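The structure appears below as structure tokens.
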Amino acid sequence: GNILDGDKILYILAKYYKLQNEDLKNVVGTSHTNMGIENALNNLDINLIRADVGDKYVLNEMLKQNCLIGGEQSGHIINLKYATTGDGILTAVILSKILKEQGDLTKFFDVKMLPQVNINVLTTDKLRVINSEILSNTIYAEQENLKNGRIMVRASGTEPKIRIMVECGSLVQAQNTANRIADVVKRIS
């Protein structure tokens, strides 16, 4: 009954391969990969390497860093042990194997995820918005207030949208911060 996004699947695969004595030093995620995953991987002596969002960027970084697995929060997982592209059926088969061996994936997944809020704002000129000094100043000020968290604002590569992600220890703080940034994006649009 629990949803496993790509971040969680990436961690489960990394932990499993580490337990199987695979030489796993690095895993590739994206700029959206939850900081909770990064912290948990570090506890397994695995480094998270962040690539830009997109399968091609994940794969390029995997090849450059000689990584076995990589993926995106959206669920696109690349496992170079078997293929050079994301394959949902392959990932499901591997997860089924792990489930059979471990008995329960929720026990195997022992990560404290940080609250993450994502807002997409429709715009007519995403490049003008993303290059706005007003937006840059707002992001800087919000990041200063956030302290132990992170903010990512980017133009969508596929849609006329500005994508806002805020991640920190408090869901309320993340939501409020993301809403304030979204309001500024809407005013600039």
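The values are calculated or read from the model by the stated rules, or taken from the named source; none is laboratory data. As the structure is a computational prediction, the values presented were derived from the model and not from experiment. Heads up, the Cβs are rebuilt from the backbone with ideal geometry, glycines too, and the neighbour counts pull from every protein chain shown. When the accessible area is computed, the model is the full protein with side chains, heavy atoms only, and any ligands, DNA or RNA have been set aside. Shrake-Rupley method; radii C 1.70, N 1.55, O 1.52, S 1.80 Å.
Summary table
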item: Checklist (1) surrounded by fewer than 18 Cβ atoms within 10 Å (Cβ to Cβ); (2) within 18 Å of Thr33 (Cα to Cα); (3) without any contact (Cβ under 8 Å) to a residue 40 or more places away in the chain applied to Asn145, failing item; result: (2)
item: Ile89 vs. criteria among the β-branched types (Val, Ile, Thr) and surrounded by 13 or more Cβ atoms within 10 Å (Cβ to Cβ); result: no
item: Number of positions in the stretch 151-162 that are farther than 18 Å from Ala141 by Cα and buried (at least 16 other Cβ atoms within 10 Å of the Cβ); result: 4
item: Residue within the stretch 80-98 that is at positive phi and either part of a loop (DSSP other than H, G, I, E, B) or in contact (Cβ under 8 Å) with a residue 12 or more places away in the chain (or both) present; result: no
item: Lone qualifier among Val121, Val172, Val184 - being in a helix (DSSP H, G or I) and in contact with a Ser or Thr (Cβ under 8 Å, 6 or more places away or on another chain); result: Val184
item: Residue check for Val117: touching a residue at least 24 places away in the same chain (Cβ under 8 Å) and either over 18 Å from Tyr16 (Cα atoms) or of a type in the set (Phe, Trp, Tyr) (or both); result: yes
item: Selection status of Tyr82, over 30 Å from Tyr16 (Cα atoms) and aromatic (Phe, Trp, Tyr); result: no
item: Per-region count, the stretch 1-43, residues open to solvent by 10 Å² or more (accessible area, probe 1.4 Å), under 13 Å from the mean Cα position of the chain (by Cα) and within 19 Å of Leu63 (Cα to Cα); result: 1
